[in-house]
Amino acid sequence: MPKVLFVDDEEHNLSIFESLLENADESWESRTAKDGEEAKQVLNEWACDLLVTDLRMPNFNGLSLLEYAKDEYPDLMRIVLSGCAEKSLLERADQLSHARLEKPCRLEDIKQTLDQCHRFNSEANN
C-alpha cells in the first residue's frame, strides 16, 4: 500500500487531499502536516513513499522541507503543489522535486501525478 504525506498550512487543502485518496481505486495510506517542521517529525517516524508539499508556509517552508527530504530520504518521491509564482523559488523547487503542480489543480491531476510517481518509484526500486 503506497504511503503519502501531504504538507500544507491550509487545513481545508489537507482535508481535500485525504478525501481524494479515500475515493481512489488503489488503497493509499496518508498522513498530513501543517508545516515543514511537523512534516519532518512525521517523516522521521513514518516511512512513506511520496511527499506532496506546498512551498509557502510559515516556519519551516516547503523549499526547506524539500531540501531536508532529498538529503535524508533520497528515495522519497517529492511533489510540489503550490500557487507560488516567484520564478526563482519555483526553479529551486524544480531542482529538488520529481513533479510540480500548480494550485488550483484538478483532483484528477493530483491523483494521476501520485500514481505516476509511485509507479516510477516502484519500478526503479525493483
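In table form, for the structure just shown:
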| read-out | value |
| --- | --- |
| Ordering of 29-41, 96-108 by packing [mean C-beta count within 10 Å, highest first] | 29-41, 96-108 |
| Estimated [θ] at 222 nm from DSSP helical runs (n ≥ 4, -39500 (n - 2.57)) normalised by residues in the chain, nearest 500 | -15000 deg cm²/dmol |
| Under 21 Å, Cα to Cα: Lys pairs in the range 3-113, sequence gap 8 or more or different chains | 11 |
| Per residue Cα convex hull volume in Å³ - calculated over the chain | 97 |
| Fewest-first ranking of 1, 57, using other Cβ atoms within 10 Å as the exposure measure | 1, 57 |
| Relative contact order (%) - criterion: Cα under 8 Å, at least six apart; region: the chain | 22 |
| ³J(HN,Hα), Karplus 6.51/-1.76/1.60, whole Hz, each residue of the range 59-74, x for Gly, Pro | 6, 8, 6, x, 5, 5, 5, 4, 4, 4, 4, 5, 6, 8, 9, x |
| Given charges at beta-carbon only (K, R positive; D, E negative), |dipole| of the range 3-113 in Debye | 300 |
| Fewest-first ranking of 115, 94, 75, 49, using other Cβ atoms within 10 Å as the exposure measure | 75, 94, 115, 49 |
| Set of the range 24-62 residues, backbone N closer than 20 Å to the point 7 Å along the Cα-Cβ line of residue 12 | 32-35, 53-58 |
| The chain: most fluctuating residue of 22, 86, 11 per GNM, C-alpha cutoff 10 Å | 86 |
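Every number here is computed from the coordinates shown, using simple stated rules; none is lab data. Because the structure is predicted, anything quoted here is derived from the model rather than measured. Positions of Cβ are backbone-derived with ideal geometry, glycine not excepted, and every protein chain shown enters the neighbour counts.
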